[in-house]
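S.K.: Before I ask anything, here is the structure I am working with.
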Amino acid sequence: MIRRLLLLLPLVAWLCAPALAGKRDPLTDAEVDQMREIAQEGDKRLRLLLTFAKSRMLAIDQLRSDPKFAEGRGARIHDLLEDFTAIVDEMDKNIDQYASQKQDIRKPLKEIIEADADFQLRLRALKDTAGAPTSEAKEWQFVLEDALDTVNGDADNARQTLEEQNALAKDKKLHKPS
């Protein structure tokens, strides 16, 4: 029995390798460099992540509206939605991190709440257009649901954190950004 398992182990590893290797970074090298430069500055980092999320959403809108990009559009929208979701998820984690450090992130939180409302509208509009199951829409429908859930969670977290930050500001227990 153990011998069979040992013989199957290389096969399982070989089959799983492409899935593990295929994980790509949602940020470009230039974006990663920008993030490193401001790693400790919560307000700037949150704004930068928000900029990256907005750029992915803009790219999705451009892909959908330009007939020149029809070929392979479904796969590209899928990838952009995955990147967008990963960036919003990272933004959500950063909100928690900087709030736990008592950094004053109220200004970027207000911007995030506003942007999340816009993202929700745009993602719902994308979902509505995907109502008729085309082969293109089938490529990104599941990822779209994930993106909507992530944005909804981020919006809730940002609103709650803003309330907490406002209460802490009244007690002067926040660290101002430098």
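The values are calculated or read from the model by the stated rules, or taken from the named source; none is laboratory data. Just so it is clear, the model here is predicted, and its values are computed rather than measured. FYI the Cβ positions are ideal-geometry reconstructions off the backbone, even for glycines, and counts take in every protein chain you see.
S.K.: If a residue has to be within 30 Å of Glu41 (Cβ to Cβ) and either touching a residue at least 24 places away in the same chain (Cβ under 8 Å) or of a type in the set (Phe, Trp, Tyr) (or both) to count, how many in region 119-150 make the cut?
M.R.: 8
S.K.: Would you mind telling me which numbered condition in (1) at pLDDT below 95; (2) assigned to a helix (DSSP H, G or I) Ile87 fails?
M.R.: So Ile87 meets the others, but not (1).
S.K.: Next question, about the same structure. Would you mind telling me which numbered condition in (1) of a type in the set (D, E, K, R); (2) more than 24 Å from Ala30 (Cβ to Cβ); (3) at pLDDT 95 or above Lys102 fails?
M.R.: With (1) of a type in the set (D, E, K, R); (2) more than 24 Å from Ala30 (Cβ to Cβ); (3) at pLDDT 95 or above applied to Lys102, the lone miss is (3).
S.K.: Scan region 96-106 for residues that are of a type in the set (A, V, I, L, M) and either under 20 Å from Arg64 (Cβ atoms) or in a helix (DSSP H, G or I) (or both) and report the count.
M.R.: 1
S.K.: Can I ask one more? Of all residues in region 59-86, how many are under 14 Å from Arg122 (Cα atoms) and of a type in the set (Lys, Arg)?
M.R.: 1
S.K.: A further question on this structure: Based on what the data block shows, is Ile113 farther than 15 Å from Ala147 by Cα, among the aliphatic types (A, V, I, L, M) and under 18 Å from the mean Cα position of the chain (by Cα)?
M.R.: Answer is yes for this residue.
To keep it simple, each residue is scored yes or no on (1) at pLDDT below 95; (2) under 27 Å from Trp140 (Cα atoms); (3) among the basic types (Lys, Arg).
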| residue | (1), (2), (3) |
| --- | --- |
| Leu50 | no, yes, no |
| Ala53 | no, yes, no |
| Gln62 | yes, yes, no |
| Gly74 | yes, yes, no |
| Leu80 | no, yes, no |
| Lys93 | no, yes, yes |
| Lys110 | no, no, yes |
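S.K.: Which of the residues spanning region 22-52 are polar (S, T, N, Q) and not in a helix (DSSP H, G or I)?
M.R.: Within region 22-52, Thr28, Gln40 qualify.
S.K.: Which is within 17 Å of the chain's Cα centre (by Cα), buried (at least 17 other Cβ atoms within 10 Å of the Cβ) and either farther than 22 Å from Lys176 by Cα or aromatic (Phe, Trp, Tyr) (or both), of Asp83, Asp61?
M.R.: Going through Asp83, Asp61 in turn, the sole match is Asp83.
S.K.: If you check Ala19, Ala13, which single one turns out to be surrounded by fewer than 10 Cβ atoms within 10 Å (Cβ to Cβ), at pLDDT below 90, assigned to a helix (DSSP H, G or I) and aliphatic (A, V, I, L, M)?
M.R.: Going through Ala19, Ala13 in turn, just one is surrounded by fewer than 10 Cβ atoms within 10 Å (Cβ to Cβ), at pLDDT below 90, assigned to a helix (DSSP H, G or I) and aliphatic (A, V, I, L, M): Ala19.
S.K.: A further question follows. Could you please let me know if Lys93 is farther than 15 Å from Met57 by Cα, of a type in the set (D, E, K, R) and not in a helix (DSSP H, G or I)?
M.R.: Judged against the criteria, Lys93 is not a match.
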